[in-house]
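*Asks:* The following block contains the structure, expressed as C-alpha cells.
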Amino acid sequence: MPEYIATVAGQRATRLHLHVPFAGCWYADADLAEQADLRGRVEVKLGSLTLSGTVMPEASGTFGLATKARIVAGAGGWQKLVPAKHYHSDAGVKARTVLEDTARIVGERIGTVSPPRERVGADYARSAGPACRVLDQVANGAWWVDYGGLTHVGPRPAAPATGYELLDFDPRDRVATLSVDDPATIGIGSTITGAALPTPATVRELEVRLDGEKLRVLAWCGAGEGTGDRIAQALRAVTRAETSRRVHGLWRYRLVEMAGDRVELQAVSKGAGLPDMLPLHMRPGIAGAWAELKPGAMVLVQFIEGDPTMPVVTHFEEKGGDGWKPAVLELDAETLKLCGGVNGVARRLDSVVAGPFGGQITTASTKVFAG
C-alpha cells in the first residue's frame, strides 16, 4: 500500500478531509502536525493532487499544540457580499459580463462559461448579498470550482475512474467506499463499476479522507442523469414539498381567444408544469378597467396567496409588444377626470364641444376617448 502524505502550505497534515460537491466550492479540513500560522491563499497537496484555496480564519486556529484549518476553494470570495447593481442592454445582457464583474469584486477568477442562456435578458438586477447568489441565478446553480481555484459555469466534464478498488456500496444511500492508488484519478462525473453494482454508477459528490496513513474515498452516486449532490437533492425535496401546496411567481401565458369577459390562455413554458387556463378572469390592477385583448397577446398569471384554485391575470404586455394595444379598452366610472391638465375624457353618448364643433360621441369601436 502506498504511503500518502498531505501538506498545507508545505506543513505536514496528519488528517485531511476533502469535500467536493457536485456544484459550488470544495473545502478541506486539515489537522497539522505542528503549530502553523496559516493565512490567505495556500496550496494543499495529497499525493499527485494539488489544490489552491484560501484559509477561512473564522474556522481555523491553534489550540495547544494542534493547528486546525479549513480551506475553501479559490479565493473564498463567493461567500462575500456584493453591492446591488443594475445591468441593462437592449441586445441582451451577457451572462459572462455579469459573472466576471461579480468575480472581480470578490477576487475570484472565471474559467469556462456555458450557462443555460448566453444572454440573461435585457435587464439583470443584482441584489445586495452573497456573491454566490449571482452564480445560482445566472448559471441556474450549474457552477463549480476546480482544484486549481478557477470557477466554471456549465456542466462538469465526465472522466473515467481508474486505479481504484470498490470496497463497499450502500444501496440505501448510494455511497461507494473506494480504495485508490491516487485520489486525482477519481472526480465528479467519474463512472465506477464493480461486481456488487448492478449497473455503472456516476460520482456526484466526493469525500477524500486521509487519517494518518489510511486513505479512503467516499463517493455518493446519483440516482440518475441530472442529479446533483445530496444537499441539492434535499433542497429539491423541500422545494417540491412547498410548491405542492403553493404556486408562487408570475407565469407567462398567451391569449388564444376571448371568452366573453374572460380569457382563454395557453401556457408558454410547458416545463413549468402549469396547465392551459380555459377560461380565466382578469384583474388589471386599476378600478373600472377592462380590455378585450387581441389573439396572441402575452399576459402574466399569478395565483392569489399562492392558492392553485385562484389563478388570475394581473399583468399585460409592455408597450411596443405585438399585443400591447387591446382591441377594446373600457374605463367605467361615475365621473372620469384627467387631473393636472386641460384635457378631458368623454364617454360614448356624452355631449362634447371641440373648438367650433359640438355634438354627441356615437363611435362604437372604442368605448373611451381622451384628448
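*Asks:* For segment 128-161, give me each residue that is assigned to a loop (DSSP other than H, G, I, E, B) and among the aromatic types (Phe, Trp, Tyr).
*Replies:* The answer is 147, and nothing else.
*Asks:* Could you list all residues from segment 145-165 that are among the small types (Gly, Ala, Ser) and either farther than 21 Å from residue 47 by Cβ or touching a residue at least 40 places away in the same chain (Cβ under 8 Å) (or both)? So that I can check it myself, show each step before the final result.
*Replies:* To start, the set of residues in segment 145-165 that are among the small types (Gly, Ala, Ser) comprises 148-149, 154, 158-159, 161, 163.
Hits for segment 145-165 are 148, 149, 154, 158, 161.
*Asks:* Quick one: which strands (runs of 3 or more DSSP E) lie wholly within segment 36-116 and hold at least 3 residues that are over 26 Å from residue 154 (Cβ atoms)? Show your work before the answer.
*Replies:* Working: elements: 41-46, 49-55, 61-63, 66-73, 85-94, 110-113.
Correct list: 41-46, 61-63, 66-73.
*Asks:* Moving on. Every residue in segment 162-185 that is hydrophobic (A, V, I, L, M, F, W, C) and outside any helix (DSSP H, G or I), please.
*Replies:* Result: 166, 167, 169, 175, 176, 178, 180.
*Asks:* Then there's this: Looking only at residues in segment 117-127 that are in a loop (DSSP other than H, G, I, E, B) and charged (D, E, K, R), which one is nearest to residue 142 (Cα to Cα)? Steps first, answer last, please.
*Replies:* Going residue by residue through segment 117-127, those that are in a loop (DSSP other than H, G, I, E, B) are 117-118, 127.
From what is left, the residues that are charged (D, E, K, R) are 117-118.
Numbers: 117: 12, 118: 13 Å.
Applying the filter and picking the extreme gives 117.
*Asks:* Mind counting the residues in segment 193-215 that are part of a loop (DSSP other than H, G, I, E, B) and among the charged types (D, E, K, R)?
*Replies:* Looking only at that region, the number is 1.
*Asks:* If a residue must be out of contact with any His (no Cβ under 9 Å at 6 or more places or on another chain), in contact (Cβ under 8 Å) with a residue 24 or more places away in the chain and assigned to a strand (DSSP E or B), how many such residues does segment 6-30 contain?
*Replies:* Total meeting the criteria: 13.
*Asks:* Which residues, counting only those in segment 262-302, are closer than 18 Å to residue 331 by Cα and touching a Lys or Arg at 6+ places or on another chain (Cβ under 6 Å)?
*Replies:* Answer for segment 262-302, where residues must be closer than 18 Å to residue 331 by Cα and touching a Lys or Arg at 6+ places or on another chain (Cβ under 6 Å): just 281.
*Asks:* Could you go through segment 87-104 and let me know if any residue there is of a type in the set (A, V, I, L, M, F, W, C), farther than 29 Å from residue 51 by Cβ and in contact (Cβ under 8 Å) with a residue 24 or more places away in the chain.
*Replies:* yes
One line per residue, one yes/no per condition, for (1) closer than 20 Å to residue 249 by Cβ; (2) hydrophobic (A, V, I, L, M, F, W, C):
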site	(1), (2)
273	yes, no
277	yes, yes
281	yes, no
289	no, yes
295	no, no
298	yes, yes
307	yes, no
319	no, no
322	no, no
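*Asks:* Take the residues in segment 55-87 that are surrounded by fewer than 17 Cβ atoms within 10 Å (Cβ to Cβ), out of contact with any Asp or Glu (no Cβ under 7 Å at 6 or more places or on another chain) and of a type in the set (A, V, I, L, M, F, W, C); name whichever of them is modelled with the lowest pLDDT.
*Replies:* This residue is 65.
The values are calculated or read from the model by the stated rules, or taken from the named source; none is laboratory data. Fair warning: this is a prediction, and the values are worked out from it, not measured in the lab. Positions of Cβ are generated from backbone atoms using ideal geometry, with glycine treated the same way; all protein chains shown enter the neighbour counts.
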